Amino acid sequence: MGLTDKLTELDQYIWKQHEKVTQYCNKELGWDKYDLAGKSFNGATLSFAGIGIYLGVAGIETQHYGMLGLTGLFSVISYASNFFVQKELAYKKEKELEQLIESSAVNKPNFGPERPMALTQALTCSVAGPYFISHSYNSAGTAFGLALSMCGLGILSVISSLYFNDQIMTPPKKKKTIPQAIKEKITGKVAVPQVEEAQYRAVEDIVAGE
């Protein structure tokens, strides 16, 4: 088995872990894969915007005040990217739901080595960040280490969003907030769904049915 095959196998394993989260959130909260993909990308947006803030701090510490512009630049790029990604997710959700309702067909996940390779980069940043912080002698070095850690977290959030986006689509359900779900667990009262309970199809069933 070559490296590509091993990475693809790892990709399938990580996808399966996201599948468990997707099924749980769909059952307990009524969230679908696009809800989770959007929330994951929100985490990436905050992380990359935070990089600009930390680099701005480093600019003040080293008196390279031109670096302050990075704070605004990272913020604008992060939130603009989030706007377009959320719009794209909403469009894809609408189209896939139409396809699901009309023909009961769902999109199969695509596995490959790309996501695990990007995950390696994210983990490298996540490990390097604390290293720079622990070996820093000034606030500029600490800010750089924090920015590196935020970069790793941002990449992880993007990868997670991609895994959620690649899950099996389910019919819509009544959505709940996390406090609502907790309250129902405590009181034992479950809200009546507005639409039919979603039936999840595992990827093995989809492949076997073709």
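One table, with the values for the structure above:
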quantity	calculated
Count of residues meeting criterion [more than 17 Å from Thr142 (Cα to Cα) and surrounded by 12 or more Cβ atoms within 10 Å (Cβ to Cβ)] in segment 54-69	1
Options Lys16, Lys20, Lys6, Lys39; residue that is farther than 29 Å from Ala90 by Cα, at pLDDT 90 or above and assigned to a helix (DSSP H, G or I)	Lys6
Subset of segment 43-53 that is buried (at least 22 other Cβ atoms within 10 Å of the Cβ) and either in contact with a Lys or Arg (Cβ under 8 Å, 6 or more places away or on another chain) or modelled with pLDDT under 85 (or both) - its residue that is nearest to Ile133 (Cα to Cα)	Ile51
Residue satisfying all of: in segment 91-120; of a type in the set (A, V, I, L, M) and more than 15 Å from the chain's Cα centre (by Cα); farthest from Met150 (Cα to Cα) among these	Ile101
Which numbered condition Asn110 misses (of (1) surrounded by 13 or more Cβ atoms within 10 Å (Cβ to Cβ); (2) in contact (Cβ under 8 Å) with a residue 40 or more places away in the chain; (3) among the polar types (S, T, N, Q))	(1)
Members of segment 158-183 that are of a type in the set (Ser, Thr, Tyr), within 21 Å of Asn82 (Cβ to Cβ) and surrounded by 21 or more Cβ atoms within 10 Å (Cβ to Cβ)	Ser160, Ser161, Tyr163
Inter-residue pairs, beta-carbon under 7 Å, first over 13 Å from Thr62 (Cβ atoms) and in segment 135-148, second among the polar types (S, T, N, Q) and outside any helix (DSSP H, G or I), 6+ apart	Gly145/Ser136
Sole exception among (1) among the charged types (D, E, K, R); (2) closer than 24 Å to Lys6 by Cβ; (3) at pLDDT below 85 for Asp205, by number	(2)
Test: residue in segment 167-175 that is over 12 Å from Glu28 (Cβ atoms), polar (S, T, N, Q), at pLDDT below 70 and not in a helix (DSSP H, G or I)	no
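Residues checked against (1) touching an Asp or Glu at 6+ places or on another chain (Cβ under 8 Å); (2) closer than 14 Å to Leu10 by Cβ; (3) at pLDDT 90 or above; (4) not in a loop (DSSP other than H, G, I, E, B):
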position	(1), (2), (3), (4)
Ala90	no, no, yes, yes
Lys95	no, no, yes, yes
Glu98	no, no, no, yes
Ile101	no, no, no, yes
Lys108	no, no, no, no
Phe111	yes, yes, yes, no
Arg115	yes, yes, yes, yes
Ala118	no, yes, yes, yes
Ala128	no, no, no, yes
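The values are calculated or read from the model by the stated rules, or taken from the named source; none is laboratory data. Remember, it's a predicted structure, so these values are computed and weren't measured experimentally. Neighbour counts run over all protein chains shown; Cβ positions are idealised from the backbone, glycine included.
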